[in-house]
Amino acid sequence: MRCYTFLYARRSSDDDDHQILSLDAQEKACRAFADQRGLTVSRTIRESHSARRPGRPLFQEMLGEVAARAKDQKVIILSHKPDRLLRNLADWAKLNDLIDSGAELLFVTGSYPNNAQGKMAFGVNVLFAKYYVDNLSEEVHKGIREKLARGEWPASAPLGYRNIQEKSAPERVVVDPDVAPLVKRAFEYYASGEYSLARLAEKLEAEGLVGKRARKRLTVGYLQERVLRNPFYCGLMRFQGRLHPGVHQPLISLSLFEAVQLQMRRPGKPRPHRHFFRYSGIFRCGSCEAVVIGDLKKGKYLYYRCNHHRGPCREGYLRQEELEYQLRRRISSRVAIDRQVASLLREAAAKLRRTYCREDGTQKEALQRQLAESNRRLSALLDMRLGNFLTDEEYTRKREELVLAIARAEEASQKVELSDVEPEEAVERFISFCNDLDKVFDRGEDAEIRALLGIVGSNYRIRGKEVHFEPVEPFALASQVRHRPLWRASEEDVYKVIAVVKTL
């Protein structure tokens, strides 16, 4: 009877660094063994796939061919050792049926005769192989759980970070100083609402942010799912659907991360434009409330007009130069801080300084109590899940809410640190900023100008070719004296100034 010999070599993945015995080494050892036995290898199968569970495509194909050939010829399956051939009981059952049909197994490290004793010995070997992979999986998952409990990331560091291993210290994730600023900029750009994902990827590539391995432009899917939706960048870790607090250094604030998520959910997401218009989408038409958009005439003249989405509108075009001239003049006249307002703000800051330490301490105590209560509820939540009072879905949802609450409280606690910014310092920085707004326009950076407009004002309108806007607090302070001669700056005004200065 003719003999047909299959040579099967397997490794668990395509990563050579994690393979003890490569496919080439296995095949070489098997061929040497076949030559010693006088066997001719009829077909060689090399597969990179885990054998822990059924489903290896090449292995299943081989079993089907073995069953077909065993009807009229002798079939041998040659492998380096049993755990290279199989590591789960389902595959063993299928293979055992083939052995009963006459197929023979040969291993370089030792073979098993086709009798009761040989089958039992082989089955015991398979059980040990399955025990090994199951135990290894349990140990790996236990290690992952312990890392997550310590706030450590158990996988490869995301873009903007890198894994380091120090002597006598566990592996940890640290900020990559070359890439991290670009990743942070990606969040800031997208939060501005002026970039589609495709246009953002293009801009980031131009600034030097590319993939870690391919060194090419980030794909839209990667940018969205692996970067912008990844809470790792604000100090949290999402692993297997659950959120955990991390000990790594965050690149962005939780508020910026949430602003990006809100931007992703809003309808009418930005789309790539052939031309970028600095003020497009900021202004509303003063007549019909439609959005004012940019328009390029003769390839070089920039105009702004109503987009007519709410019907016919009589408002005309306004050149960008005229729009910006009016805008600069109105912002300077309504936001600039004169000597009287500056003096009143400094008096309020000095008054607040005397009670700042006491109030700051009170706020810290409240935040500490909030943190302690959230952590207590988090612990109680686990007890409720273990007691089957909550489903997995309810536990996951409530746990995520508590982890986010803890992260917000910790971020707020950092913001009230006295060393962060003092009242007098905040007021001086605020006065300087308000009186130097022209410098932002002079630099001509589109993103910076758009961010400035979002900070100092709202309700931007163009009506009758005239620009209008309303300054927001605390930038509306300069107008207080004109309308209220007896106005005096309060401690609340200084708190608002401090809050704004922290964002500048």
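The values are calculated or read from the model by the stated rules, or taken from the named source; none is laboratory data. Treat the numbers as computed from the prediction; the structure is a model and nothing was measured. Positions of Cβ are backbone-derived with ideal geometry, glycine not excepted, and every protein chain shown enters the neighbour counts. Heavy atoms of the whole protein, side chains included, go into the accessibility calculation; ligands, DNA and RNA do not. Shrake-Rupley method; radii C 1.70, N 1.55, O 1.52, S 1.80 Å.
Using amide H atoms built in the peptide plane, which far-off residues or other-chain residues are under 5 Å from M237 H to H?
Distant-sequence amide H within range of M237: H244, G246.
Can you work out the FRET efficiency for the pair N435 and V220, with r the C-beta to C-beta distance and R0 = 45 Å, to the nearest 0.05? Could the numbers behind the result be given before it?
Numbers: r = 42 Å, r/R0 = 0.93.
Step by step, r from the Cβ atoms, then E = 0.60.
Could you work out how much longer the chain between N459 and E401 gets when fully extended? Use 0.36 nm per residue separation minus the Cα distance between them, nm to one decimal. Each step should come with its number before you reach the end.
Values: separation 58, 0.36 × 58 = 20.88 nm, distance 3.38 nm.
Roughly 17.5 nm would be gained on extension.
Under a plain spin-label model, where a point goes 7 Å from the Cα along Cα-to-Cβ, how far apart in nm are A499 and R46?
Calculated label separation equals 6.5 nm.
Using a simple spin-label model with points 7 Å from Cα along the Cα→Cβ vector, what separation in nm is obtained for A447 and K81?
So the two model labels end up 5.4 nm from each other.
What ranking of S255, S196 comes out by heavy-atom accessible area, probe 1.4 Å, highest first? Write down the numbers at each step before the final one.
Values: S255 65, S196 10 Å².
Result, largest first: S255, S196.
For Y161, which sequence-distant residues (separation of 5 or more, or a different chain) have an amide H within less than 5 Å of its own amide H, given hydrogens modelled in the peptide plane?
Under 5 Å from the amide H of Y161 lie the amide H atoms of D176, each far enough along the sequence or on another chain.
Under a 1.4 angstrom probe, counting protein chains only, how are V210, V220 ranked by accessible area, largest first?
Working: V210 25, V220 65 Å².
Reading off the accessible areas and sorting them downward yields V220, V210.
Take the residue pairs K142/K184; K184/K216; K300/K465; K142/K398; K298/K465 and return only those whose Cα atoms are more than 26 Å apart.
On the way: K142/K184 33 Å; K184/K216 19 Å; K300/K465 20 Å; K142/K398 23 Å; K298/K465 21 Å.
Listed pairs above 26 Å: K142/K184.
For R397, what accessible area in Å² do you get when you roll a 1.4 Å probe over the heavy atoms of the protein chains, rounding to the nearest 10?
About 120 Å², rounded to the nearest 10.
Suppose R0 equals 51 Å. What FRET efficiency, 1/(1 + (r/R0)^6) with r the Cβ-Cβ distance, do K94 and S192 give to the nearest 0.05? Show your work: numbers first, answer last.
Values: r = 58 Å, r/R0 = 1.14.
Rounded to the nearest 0.05, the efficiency is 0.30.
Starting from the Cα-Cα distance between L296 and Y317, subtract it from 0.36 nm times their residue separation and give me the gain in nm to one decimal.
Working: separation 21, 0.36 × 21 = 7.56 nm, distance 1.11 nm.
Answer, rounded to one decimal: 6.4 nm.
How much accessible surface does E104 have with a 1.4 Å probe, in Å² rounded to 10?
Answer for E104: close to 60 Å² accessible.
Can you work out ³J(HN,Hα) from phi for every residue in the range 225-231, in order, using Karplus 6.51 cos²θ - 1.76 cosθ + 1.60 and θ = phi - 60°, giving whole Hz and x for Gly and Pro?
Each residue of the range 225-231 in turn: 7, 8, 10, 5, 9, 8, x Hz.
Using every pair of alpha-carbon atoms in the range 161-262, split the distances into 10 Å bins beginning at 0 and state the percent of pairs per bin, rounded to integers.
14, 46, 32, 7, 1
Go through the range 67-79 residue by residue and turn each phi into a ³J(HN,Hα) via Karplus (6.51, -1.76, 1.60, θ = phi - 60°); whole Hz please, and just put x for glycine and proline.
4, 6, 6, 5, 6, 10, 7, 6, 10, 10, 10, 10, 9
Could you calculate the FRET efficiency of S479 with R53 from 1/(1 + (r/R0)^6), where r is the beta carbon distance between them and R0 is 56 Å, rounded to 0.05?
On the way: r = 70 Å, r/R0 = 1.25.
Taking R0 as 56 Å, the efficiency between S479 and R53 is 0.20.
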